Amino acid sequence: MAKKAAAKTTPAKAVAKSATTTKVTTVKAKKTPKQLFDVILIAICLALSVIVVVLSISRVIDPYYAIVLLSVGLASLSVYVLDHAAHS
């Protein structure tokens with residue numbers, strides 16, 4: 001009788017395992033080099049702006065160097081905007 005009870009529970013466990021097992025597949029969209037370049041340009045602009053704000057609040061940066069950093073950030077943002085204007 002013990003063998004019959006074991007035989008009865010085995011298929012039920014197999015059915016329960018197969019019923020709860022699901023396969024999830026995710027598809028990641030690959031970024032093109034142009035999209036990556038756009039993200040890098042925006043990140044440069046944002047990073048330099050934050051750096052200038054933090055250093056200005058802590059009074060560590062000279063105004064000359066702050067203007068230079070902001071100019072580099074503005075230049076990267078300008079390249080981004082001009083690139084999108086050319087493709088539109």
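The values are calculated or read from the model by the stated rules, or taken from the named source; none is laboratory data. Keep in mind it's a predicted model, so treat the numbers as computed, not measured. In this analysis, Cβ positions are derived from the backbone assuming ideal geometry, glycine residues included, and neighbour counts consider all displayed protein chains.
The C-beta contact set for the range 18-39 (first residue assigned to a loop (DSSP other than H, G, I, E, B), second residue surrounded by 10 or more Cβ atoms within 10 Å (Cβ to Cβ), distance under 8 angstrom, 6+ apart or interchain) comprises Lys31/Val39.
For (1) within 16 Å of Lys34 (Cβ to Cβ); (2) at pLDDT 90 or above; (3) among the charged types (D, E, K, R); (4) in a loop (DSSP other than H, G, I, E, B), each residue gets a yes or a no:
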{"site": "Val50", "(1), (2), (3), (4)": "no, yes, no, no"}
{"site": "Ile61", "(1), (2), (3), (4)": "no, yes, no, yes"}
{"site": "Ala66", "(1), (2), (3), (4)": "no, yes, no, no"}
{"site": "Ser76", "(1), (2), (3), (4)": "yes, yes, no, no"}
